[in-house]
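The structure appears right after this line, and notes come after that.
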Amino acid sequence: MGCQAGGNGTIFNEALKLRIPALEDLPRIELRQLRYFLAVAEELNFTRAAERMGIAQPPLSQQILSLESQLRAKLFTRSRRQVKLTKEGEALQVYARRIINTTMLAAESVRAIANGLTGHLAVGAVCSAIHSLIPELLPKFHELHPGVKLHLQEMTVLEQQRALREERIDIAILREPMAASEFSTRKLFEEPFVAAVPRSSPLARLNRISLEQLAREPLVQVYRSSNEEYSDLMFEGLRATGKKLNIAHEASDMQALLGLVGAGFGHSLVPASLQNIQISTVKYIPLSESVKGSTLTLAWNGESVTPVMEHFIAVTETLMESFTPVDIFGRVPQPALGNALLKKAG
């Protein structure tokens with residue numbers, strides 16, 4: 001393989017040597033010369049063309065002569081009465097227009113990317129954000145930046161951290177606490193936990209559930225390997241009761257956790273915004289006691305911020321200034337709301 005690669009490299013170098021003299025023989029035409037040429041070609045009058053370009057006639061004439069010298073061709077026939085394009089000039093006029101138009105399009109495209117008006121943005125988000133924040137955030141961002149193509153992926157916290165490091169996503173919408181500290185973050189809001197119980201459970205008849213009642217039941221927990229800190233936070237209030245918890249099953253993410261709860265394999269605590277995911281076999285019930293909530297956070301690599309990312313962060317921050325619990329729970333049937341209130345994170 002090494003010999004073959006070396007052979008290909010040798011062939012490439014030889015081909016490059018053959019091309020270099022040809023490139024050096026190309027005329028050194030400036031865009032300014034093409035613009036002057038087009039002005040004369042369209043006006044067919046050097047005086048009017050000079051006025052149009054905002055320069056004196058002698059410099060304009062000198063640029064046309066220089067262009068003709070570079071091309072080794074006569075572009076205009078001149079007489080006291082008229083100026084006419086030669087056949088060579090007519091051919092150049094077609095290409096000159098293309099070159100000028102392409103240059104303008106390239107400049108506009110580059111400026112748009114530099115200003116964050118166009119481009120791509122890859123966003124990772126946890127399940128609850130997909131069903132709560134995302135429906136509010138993305139339409140507002142698209143309205144302000146319609147030229148940006150969005151790529152949205154549902155990912156766990158651990159997957160998002162890995163994807164940020166590998167630059168597979170630009171922005172992560174995840175939950176704290178998280179072990180990684182190398183990212184720039186912006187706390188969005190804190191929300192309480194609510195109980196998620198099987199409809200078949202006796203607890204499903206209650207309007208509120210105490211931590212002690214829930215701690216007696218078989219529980220479903222997120223894999224600690226997926227996010228150890230968050231997994232511990234979920235049941236922090238239950239452990240505070242002093243009861244030995246029965247972790248009957250574990251799930252890789254919240255969608256899978258709700259599936260296990262709905263199948264009757266156990267009970268759990270979930271962020272209140274997950275009430276937007278309505279499953280017929282799962283009931284969400286507020287807690288009697290107050291427990292530490294979960295904070296939804298925006299995270300990104302601070303060393304590789306693009307204009308598009310800056311716009312997305314700015315739109316998110318603006319949205320947070322007017323964010324209310326109704327924005328999160330507005331699509332949830334009223335009985336499911338309970339007393340689940342959001343409070344903005346400091």
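Observations on the model:
- The H on the amide N of Gly266, modeled in the peptide plane, is under 5 Å from the matching H of no residue at least 5 residues off or on a different chain.
- Using heavy atoms of the protein chains and a probe of 1.4 Å, the accessible area assigned to Val83 is about 20 Å².
- Simple label model, 7 Å out from Cα along Cβ direction - Glu310 to Arg208, nm: 4.9 nm
- For the stretch 187-304, DSSP calls about 65 percent of its internal beta bridges antiparallel.
- GluC sites (Glu not before Pro) lying in DSSP loop within the stretch 156-218, provided at most 11 other Cβ fall within 10 Å: Glu166, Glu167, Glu182
- Förster radius 22 Å - calculated FRET efficiency between Ile100 and Ile55, Cβ distance, rounded to 0.05: 0.80
- Virtual spin-label span in nm between Glu289 and Ser322, 7 Å along Cα→Cβ: 3.9 nm
- In the structure shown, the pairs Lys244/Lys292; Lys187/Lys243; Lys140/Lys283; Lys140/Lys187 are assessed against 28 Å; a Cα-Cα span above that value is assigned to Lys187/Lys243; Lys140/Lys283.
- Net charge over other residues, Cβ less than 12 angstrom from the Cβ of Thr306 (K, R count +1; D, E count -1): -4
- Net +/- balance of residues flanking Leu34 in space, Cβ distance below 11 Å, scoring K and R +1, D and E -1: +3
- Shown in residue order for the stretch 188-203 are the 3J(HN,Hα) couplings computed by the Karplus curve 6.51 cos²θ - 1.76 cosθ + 1.60 at θ = phi - 60°: 9, 6, 10, 10, x, 8, 10, 7, 10, 10, x, 4, 7, 6, x, 5 Hz (x for Gly and Pro).
- Other residues lying with their Cβ under 13 Å from the Cβ of Gly266 contribute a combined charge of -1, Lys and Arg counting +1, Asp and Glu -1.
- GluC sites (Glu not before Pro) restricted to the stretch 245-320 and DSSP loop, no more than 13 other C-beta within 10 Å: Glu289, Glu303
The values are calculated or read from the model by the stated rules, or taken from the named source; none is laboratory data. All of these numbers come straight from a predicted model, not from anything done at the bench. Backbone-built Cβ (ideal geometry, glycine too); neighbour counts: all protein chains shown. When the accessible area is computed, the model is the full protein with side chains, heavy atoms only, and any ligands, DNA or RNA have been set aside. Shrake-Rupley method; radii C 1.70, N 1.55, O 1.52, S 1.80 Å.
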